[in-house]
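Worksheet: one structure, shown below.
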Amino acid sequence: MAEKKTKNDFSQGSVPRLIWRLAVPMIVAQVVNALYSIVDRVYIGHMAGVGQLALTGIGLCFPITMTVAAFSALIGYGGAPLSSILRGRKDEEGAERVLGNSVSALCVLGILIPLVCFFLRRPVLYLFGASDATFPYADHYITIYLTGSLPVMLTLGLNAFINAQGFTRDGMVTVGIGAVLNLALDPLFIFAFHMGIAGAAVATVISQAVSCLWVLRFLLGKKNLIRLHRECLRPDWPLLGKICALGMSSFIMQITESAISAVFNANLAKFGGDIYVTTMTVGTSINQIYFMVIQGFGQGAQPVTGYNYGAGRYDRVRQGFRFLAVVCLIYATVFWGLLQLFMPQIIGLFNSDAALLETAVPMLRIYFLLTFLFALQNASQSTFVALGEAKKATFFALFRKVLLLIPLIIALPRLGFGVTGIFAAEPIADTVSAVTCFMTFLLTSYRGLKQKELAQQSLQRE
């Protein structure tokens, strides 16, 4: 045990190397996790005769699946950084209480949230832009998905604790097992068993259940550094408040993603029709790959940053942020360039219908016009969370989506810009929010870390 704790002492060694060591498996895990929904959409989009309608139907379910993921993030992405900070302070008992309370919270939410979504699914799907032609496909998928949401939430939420301890390869295995299984089961259920879109949902539920068993096996095993004790499962309400406060930024990022998807689809259905909803479904799938890699970098840096902040190593915290920002920006720029060059080929992976390509290519070029700027906001928000600055992280999560993007989606088409205005809302919000968040971080948190470092050096000289 002592050897493992020394290995995961993030106050020692090269900061960039530590971040790379943690981030690469997490990025792979994030991308593989995104393949759950993307593989479903690729297979469904190629269903004979009904591919486009079925693809639209599964896109309409995205706000609901994101709501389930958002509550997992509230607990997992709040509890994991808090446990890193406590481990940095050598408070192992406190870190174990965080883990136990997170397990309890995820179990309760894993029952309540799917139940609410199930009973509201019909009016919600129509509100989100479903038509009589697309509703049956959306309803079949989401009904089955919600029955398996408890293991989904446990997997997403608790895997963050594996990563936060530095065992990112084990975290990668968690999602790898499920994704590979999903990749194998999708064609079996969709085409061989002729289950169509329902088969995609069944494959996803089975795959996530297997991943959940792996996570629980790890957390109850000897390799885990923070033990899962029965007494730690008892709710500690002040501690749960801290967990939720730290996880609120990630929760808002995902729950507002759900709201944005709903607002996008509803307005696209109103001003354009089903083909524009399908276009946004493809755009959302592409955006998932981009976002998951960016998020993987941020989450890879969080354990290193949080641990060093708890240990009072402010110089290493600043170094970690600089490295994170540069790497994220380089990746985002390369992704943006490739996407603009190969847009028709990428869209064709989902559905090669000529009418869809004619509509989707110009609209998605606009949608992704300035997406690379989000790298700066991701680096800043991830570091806010790692430092325990929940209010700042939460504000900027709200600022980009609730205060900027949703009003723009609603206003621009009504000001005469039509569906083009709906797709243009994204780059406008990206630019304003990313620049504001990045500059705020530099002028407040980053400057504050420098001042703490100078004060620390002054005390050492005395």
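The values are calculated or read from the model by the stated rules, or taken from the named source; none is laboratory data. Computed from a predicted structure; not experimentally measured. As a convention, Cβ positions derive from the backbone with ideal geometry for all residues, glycine included, and neighbour counts pool all protein chains shown. The accessibility values were calculated without ligands, DNA or RNA, using every heavy atom of the protein model including side chains. Shrake-Rupley method; radii C 1.70, N 1.55, O 1.52, S 1.80 Å.
Test each condition in (1) assigned to a helix (DSSP H, G or I); (2) in contact with a helix residue (DSSP H, G or I) (Cβ under 8 Å, 6 or more places away or on another chain); (3) over 16 Å from Ser149 (Cβ atoms) for Gly241 and report the one that comes out false.
Here Gly241 meets the rest and fails (2).
Tell me, yes or no, whether region 86-101 has at least one residue that is without any contact (Cβ under 8 Å) to a residue 60 or more places away in the chain and in a loop (DSSP other than H, G, I, E, B).
Yes, region 86-101 contains a residue that is without any contact (Cβ under 8 Å) to a residue 60 or more places away in the chain and in a loop (DSSP other than H, G, I, E, B).
In this structure, is Phe161 farther than 21 Å from Val202 by Cα and assigned to a helix (DSSP H, G or I)?
yes
Return a yes/no flag: does region 155-169 have any residue that is open to solvent by 10 Å² or more (accessible area, probe 1.4 Å), touching a Ser or Thr at 6+ places or on another chain (Cβ under 9 Å) and more than 30 Å from Arg89 (Cβ to Cβ).
No, region 155-169 has no match at all.
Suppose we keep only residues that are of a type in the set (A, V, I, L, M) and touching a Phe, Trp or Tyr at 6+ places or on another chain (Cβ under 6 Å) within region 354-404. Which one would you say is modelled with the lowest pLDDT?
Looking only at region 354-404, we keep the residues that are of a type in the set (A, V, I, L, M), and these are 354-357, 360-361, 363-364, 366, 369-370, 373, 375-376, 379, 385-387, 390, 393, 397-398, 402-404.
This time we only want the ones that are touching a Phe, Trp or Tyr at 6+ places or on another chain (Cβ under 6 Å), so: 363, 366, 376, 387, 393.
Values: Met363: 97, Ile366: 96, Leu376: 93, Leu387: 89, Ala393: 83.
Among those residues, the one meeting the criterion is Ala393.
Any residue in region 285-300 that's part of a helix (DSSP H, G or I): show its pairings with residues that are of a type in the set (Ser, Thr, Tyr) and buried (at least 24 other Cβ atoms within 10 Å of the Cβ) at Cβ separation under 6 Å, as long as the two are six or more apart or on different chains.
Gly298/Ser382
Give the residues of region 385-422 that are charged (D, E, K, R) and closer than 20 Å to Val435 by Cα, sorted by residue number.
Passing the criteria: Glu389, Lys391, Lys392, Arg400, Lys401.
Residues checked against (1) within 26 Å of Tyr276 (Cα to Cα); (2) modelled with pLDDT under 90:
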residue	(1), (2)
Ile406	yes, no
Phe423	yes, no
Phe438	no, no
Leu454	no, yes
Gln457	no, yes
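Among the listed residues Leu454, Leu404, Leu412, which satisfies the condition of being part of a helix (DSSP H, G or I) and surrounded by fewer than 16 Cβ atoms within 10 Å (Cβ to Cβ)?
Of Leu454, Leu404, Leu412, the one residue that is part of a helix (DSSP H, G or I) and surrounded by fewer than 16 Cβ atoms within 10 Å (Cβ to Cβ) is Leu454.
Evaluate region 329-346: report whether one residue or more is touching a Gly at 6+ places or on another chain (Cβ under 8 Å) and either in contact (Cβ under 8 Å) with a residue 40 or more places away in the chain or over 22 Å from Phe291 (Cβ atoms) (or both). Steps first, answer last, please.
Our first condition is that a residue be touching a Gly at 6+ places or on another chain (Cβ under 8 Å); within region 329-346, this holds for none.
Looking through region 329-346, none of the residues is touching a Gly at 6+ places or on another chain (Cβ under 8 Å) and either in contact (Cβ under 8 Å) with a residue 40 or more places away in the chain or over 22 Å from Phe291 (Cβ atoms) (or both).
Got a sec? Which of Gly166, Gly157, Gly247, Gly273 is on the phi > 0 side of the Ramachandran plot and in contact (Cβ under 8 Å) with a residue 12 or more places away in the chain?
Selected residue: Gly166, the only one of Gly166, Gly157, Gly247, Gly273 that is on the phi > 0 side of the Ramachandran plot and in contact (Cβ under 8 Å) with a residue 12 or more places away in the chain.
Consider region 415-426. How many of its residues are open to solvent by 10 Å² or more (accessible area, probe 1.4 Å) and either not acidic (Asp, Glu) or not in a helix (DSSP H, G or I) (or both)? Break it down into steps so the answer makes sense when it comes.
Of region 415-426, the ones open to solvent by 10 Å² or more (accessible area, probe 1.4 Å) are 415-420, 424, 426.
Now restrict to residues that are either not acidic (Asp, Glu) or not in a helix (DSSP H, G or I) (or both): 415-420, 424.
The total comes to 7.
Being out of contact with any strand residue (DSSP E or B) (no Cβ under 6 Å at 6 or more places or on another chain), open to solvent by 10 Å² or more (accessible area, probe 1.4 Å), closer than 20 Å to Ile64 by Cα and free of Cβ contacts under 8 Å to residues at least 60 places away in the same chain is true for just one of Ile206, Ile177. Which residue is that? Write out each step before concluding.
Working: Ile177 fails: closer than 20 Å to Ile64 by Cα.
The match here is Ile206.
Hey, among Ile38, Ile58, Ile75, which residue is in contact with a helix residue (DSSP H, G or I) (Cβ under 9 Å, 6 or more places away or on another chain), at pLDDT 80 or above, more than 30 Å from Phe321 (Cα to Cα) and crowded, with 24+ Cβ neighbours inside 10 Å?
Selected residue: Ile58, the only one of Ile38, Ile58, Ile75 that is in contact with a helix residue (DSSP H, G or I) (Cβ under 9 Å, 6 or more places away or on another chain), at pLDDT 80 or above, more than 30 Å from Phe321 (Cα to Cα) and crowded, with 24+ Cβ neighbours inside 10 Å.
If I filter region 355-368 for residues that are closer than 25 Å to Phe323 by Cα and touching a residue at least 60 places away in the same chain (Cβ under 8 Å), do I get at least one hit?
Quick first cut of region 355-368, residues closer than 25 Å to Phe323 by Cα only: 368.
If we keep only those that are touching a residue at least 60 places away in the same chain (Cβ under 8 Å) as well, we get 368.
Yes, some residue in region 355-368 is closer than 25 Å to Phe323 by Cα and touching a residue at least 60 places away in the same chain (Cβ under 8 Å).
Out of everything in region 220-238 that is modelled with pLDDT of 90 or more and assigned to a helix (DSSP H, G or I), what residue ends up being least open to solvent (accessible area, probe 1.4 Å)?
Leu233
Let's see how each residue does on (1) at pLDDT below 90; (2) buried (at least 23 other Cβ atoms within 10 Å of the Cβ):
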position	(1), (2)
Cys244	no, no
Ser249	yes, yes
Ala266	no, no
Lys270	no, no
Val282	no, yes
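Restricting to region 303-362, and then to whatever is over 16 Å from Val282 (Cα atoms) and charged (D, E, K, R), can you tell me which residue is surrounded by the most Cβ atoms within 10 Å (Cβ to Cβ)?
Filtering region 303-362 for residues that are over 16 Å from Val282 (Cα atoms) and charged (D, E, K, R), the one surrounded by the most Cβ atoms within 10 Å (Cβ to Cβ) comes out as Arg316.
Taking region 337-368 on its own, how many of its residues are of a type in the set (Asp, Glu) and under 13 Å from Gln52 (Cα atoms)? Outline the logic, then answer.
Initial filter on region 337-368 (of a type in the set (Asp, Glu)): 353, 358.
Subset that is under 13 Å from Gln52 (Cα atoms): 353.
Here the count works out to 1.
Could you list, in sequence order, all residues of region 109-153 that are in a loop (DSSP other than H, G, I, E, B) and either among the aromatic types (Phe, Trp, Tyr) or surrounded by fewer than 22 Cβ atoms within 10 Å (Cβ to Cβ) (or both)?
Within region 109-153, Phe128, Ser131, Asp132, Ala133, Gly148 meet the criteria.
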